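First up is the structure itself, then whatever we jot down about it.
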Amino acid sequence: MTDHLKGLLLTTLGVLFVVPDSLYVRLISGDALAVAFWRAVSAGAIILIGVLLIQGWAAIRASLSTGWPGVIYMLLMGSTAPGFVLAVTQTSVANVVFIFAAMPVFAAIFGRIFLGEWISRRMVLTMMGVFVGLGIIAYGTGENEVASWRGDIWALIVCIAYAGALTAVRKVKSVSMIPAIPISYLGAGLVLLPFCAPLEVVPGQTHLLLGHGAFIAVATCFLTLGPRFISSAEVALLILLESVLAPLLVWAWVGEDPGRWTLIGGAVVIGALLISNATALRRRRATVPG
């Protein structure tokens, strides 16, 4: 198997495993912060066990020796654990995943600010299209009883945090940051513990809590490994699958109607990113010999 095929396979599996994330949050009954606690702790514990069995403590020490980029990465990743649950519990799943689709735009902005990377005309046009789509989603929030601007704000915060984490990790490309993820998640759980009652969520829901953590653990690892072998355009195109599949899964399972304005705004966001990344991918292939 070639590295490119390996990257496509790992990234696709990562996207498919992250699709049920929103559905799990919908199915688990309990306080949002308690659900966020179990999401962070269960996923963090599973990844930690895997890291220790496969790589040992040396890998964790290596990730901790990456300086400020590593610290920023871990803090931002840790913040996404409660942020995601607060977003899904306060607005529609469709709003959340369509806002998340804008992550490459914020990553490009951070790349320009912190890494000095040039933003192409293609990316500027993409940003304009994405922000128009986000504006349409925000406009339609008031007409959807499931949606709320508070959840939309949380989704935007998580989107920006993920983009910042991806930017930070690019400063330490030589070190695998998978061992840093359980530190982020378990640390988030410790921060959340004084503000919630985790045991009140457990009765009758252990299978959901463990299943949620397992899906997040697998998805996080695959989405950290896969993009190392394929282009950013290919990664962005594959991640768009979540924006399409997650709302459909929640719609089919719990009957959550995303609303017409969310679908229109989401179509604008996904369309802009789809055209942009397809163009980048075609140009890349045209410059590759043979």
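Each reported figure results from applying straightforward, stated rules to the coordinates on display, with no laboratory input. Here the structure is a predicted model, which is why all the values come from computation and not from measurement. Don't worry about glycine lacking a Cβ; one is built from the backbone with ideal geometry, like all the others, and counts go over all protein chains shown.
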For this session: Neighbouring Cβ atoms within 10 Å as the yardstick, rank GLU143, GLU234, GLU117 fewest first.
Result: GLU143, GLU117, GLU234
For this session: Report the percentage of all Cα-Cα pairs in region 19-92 whose separation exceeds 20 Å, rounded to a whole percent.
Result: 43 percent
For this session: Kyte-Doolittle cut-off -0.5, length cut-off 27 Å along the helix's own axis using Cα: show which whole DSSP H helices in the chain pass.
Result: 32-54, 67-90, 121-141, 149-169, 206-225, 232-254, 260-287
Seminar exercise, completed: All alpha-carbon distances of region 154-290, grouped into 5 Å bins from 0, give the whole-percent distribution 2, 7, 11, 17, 18, 17, 14, 9, 4, 2, 1, 0, 0
Exercise. What are the extents of the Cα atoms of region 1-151 along their three principal axes, listed from largest to smallest and rounded to whole Å?
Worked result: 51, 46, 35
Problem set entry | Alpha-carbon Debye profile of the chain, log10 I(q)/I(0) at 0.14, 0.15 Å⁻¹ | -1.05, -1.21
Seminar exercise, completed: Per principal axis, largest first, the Cα atoms of region 190-267 extend in Å by 42, 36, 23
Exercise. Using helices alone, what [θ] at 222 nm do you get for the chain, with -39,500 (n - 2.57) per DSSP H run of 4 or more residues, divided over all residues and rounded to the nearest 500?
Worked result: -26000 deg cm²/dmol
